[in-house]
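Report on one structure; see the data block that follows.
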Amino acid sequence: MKGIMALNIPKGYEALGEVFEKALARAAFGKGKERHAADIKEFTAQISMQITREQGIGFPIGQARKKLHEAVQMLSVTQTEAKINELLDVIAYIGMAIIYLNEPITHSNANLIPNFPSITLPPSDKENTE
């Protein structure tokens, strides 16, 4: 694909690598460029990344969930390409979330990165009877 950096795909993972390449191409040259990039070439400077920095990780995760929902709604549709495109968009939004999590935490975004609490198991029946 023109203009896309070659991925170093391990032997046996070519099929998965092809999926990532398609998601990247869709974001860089397809729908992502048409709808979100305008004149901005760098992904991290686009409006979706700006909104993520303002609103937090919920934005790209929510967008990914919406795309998944749309793909599931299309399962009965015979337009395989449209279903695949929705799922490729999910990959791009998850990538956006990962980029956000890898950015340095600043005062302005510190409250937007959730603390995932550890899971506390309820006491066992044995503990309740003592």
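The values are calculated or read from the model by the stated rules, or taken from the named source; none is laboratory data. Quick caveat, the model's predicted, so the values are computed rather than measured. Cβ: placed from backbone, ideal geometry, glycine included. Neighbour counts: every protein chain shown.
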Where residue 100 falls short, out of the listed (1) crowded, with 17+ Cβ neighbours inside 10 Å; (2) modelled with pLDDT under 90; (3) of a type in the set (Phe, Trp, Tyr): (2)
Could you grab me the full set of residues in region 103-130 that are surrounded by 12 or more Cβ atoms within 10 Å (Cβ to Cβ) and modelled with pLDDT of 85 or more? 103
Note down all Cβ pairs under 9 Å where the first residue falls in region 43-71 and is more than 19 Å from residue 26 (Cβ to Cβ), the second is at pLDDT below 90 and in a helix (DSSP H, G or I), and they're at least six residues apart or on different chains. 53/112; 54/112; 55/112; 56/111; 56/112; 57/112; 58/112
Just one of (1) charged (D, E, K, R); (2) over 30 Å from residue 106 (Cβ atoms); (3) part of a helix (DSSP H, G or I); (4) at pLDDT 85 or above trips up residue 89, so point out which. (2)
